[in-house]
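K.L.:
I have a structure here, written as structure tokens, and I will follow up with some questions on it.
Taken together, the values in this text are just the output of simple stated rules run on the coordinates, not laboratory data. Values in this document were obtained by computation on a predicted structure and should not be read as measured data. Please note: Cβ atoms are built from the backbone with ideal geometry, for glycine as well, and neighbour counts cover all protein chains shown.
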């Protein structure tokens, strides 16, 4: 009798272990391939998907980063009662698809794509993601780098935080500013391979990026119109 109960216990334990294994595999197993992808590859894929989705919808002067809400639901604001909340609510009243959580997620993806494209000198990608005056500033820096036969490399180690800190609405023209805190490794080398600026060690960067959009436009994309240091 005892041996029979022990046999049943073994079967039950094996079944429980098998169930736990399958649950863990369903949660973790499918993420392995994505975790091994580099940030540069993901940023490049983002830019390619953006260009493909907007190619037939908007003029080249209007190509911008897509930061629209996919869910149609608004999130609770941590700034209840403050001016920022009031403006974000006004934006949401005009553009029912606006969701600040989804907006920040899109802004973070745009941040990675633009930083990588600038380091590579990828003008085509930058044209799709930047306002004209911002693009001109980036392009001049890239051209100056190329004239000196310098090469730049940037690796975003992590983005510690990305938060909306300001928003304005004039008529239907909305602007939203996001503060990024990121850790990255950035270096510029001359043609001999010597480091002329930057550092091979990670450093923290704090920046403010402002995105804008006409809320009555049929184009749901937000355009990067300004960047500045938050230090």
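K.L.:
May I ask you to sort 175, 83, 192 by Cβ crowding, counting other Cβ atoms within 10 Å and putting the fewest first?
P.N.:
Values: 175 19, 83 11, 192 7.
Exposure proxy ranking, most exposed first: 192, 83, 175.
K.L.:
Taking R0 as 41 Å, what's the FRET efficiency between residue 201 and residue 165 from their Cβ-Cβ distance, rounded to 0.05? Walk me through the numbers before you get to the answer.
P.N.:
Numbers: r = 28 Å, r/R0 = 0.68.
Efficiency, from the Cβ-Cβ distance: 0.90.
K.L.:
Next question, about the same structure. Within the stretch 195-231, what residues put their amide N at less than 12 Å from the label point 7 Å along the Cα-to-Cβ vector of residue 85?
P.N.:
Hits in the stretch 195-231 for residue 85 at 12 Å: none.
K.L.:
Over what distance in Å are the Cα centres of the stretch 165-201 and the stretch 111-138 separated?
P.N.:
The stretch 165-201 and the stretch 111-138 have Cα centres spaced 11 Å from each other.
K.L.:
Now, a different point. Using r as the Cβ-Cβ distance of residue 208 and residue 172, and R0 as 25 Å, what FRET efficiency do you calculate, to the nearest 0.05? It would help to have the intermediate numbers written out before the result.
P.N.:
Numbers: r = 23 Å, r/R0 = 0.92.
Rounded to the nearest 0.05, the efficiency is 0.60.
K.L.:
Once the convex hull of the alpha carbons of the stretch 121-182 is built, what does its volume come to per residue, in cubic angstrom? Show your work: numbers first, answer last.
P.N.:
Numbers: hull volume 6.8 nm³, N = 62.
Spread over its residues, the Cα hull of the stretch 121-182 gives 110 Å³ apiece.
K.L.:
What's the FRET efficiency of residue 157 with residue 179 using the Cβ-Cβ distance as r and R₀ = 22 Å, to the nearest 0.05? Please list the in-between numbers first.
P.N.:
Details: r = 18 Å, r/R0 = 0.82.
Working from the Cβ atoms, E equals 0.75.
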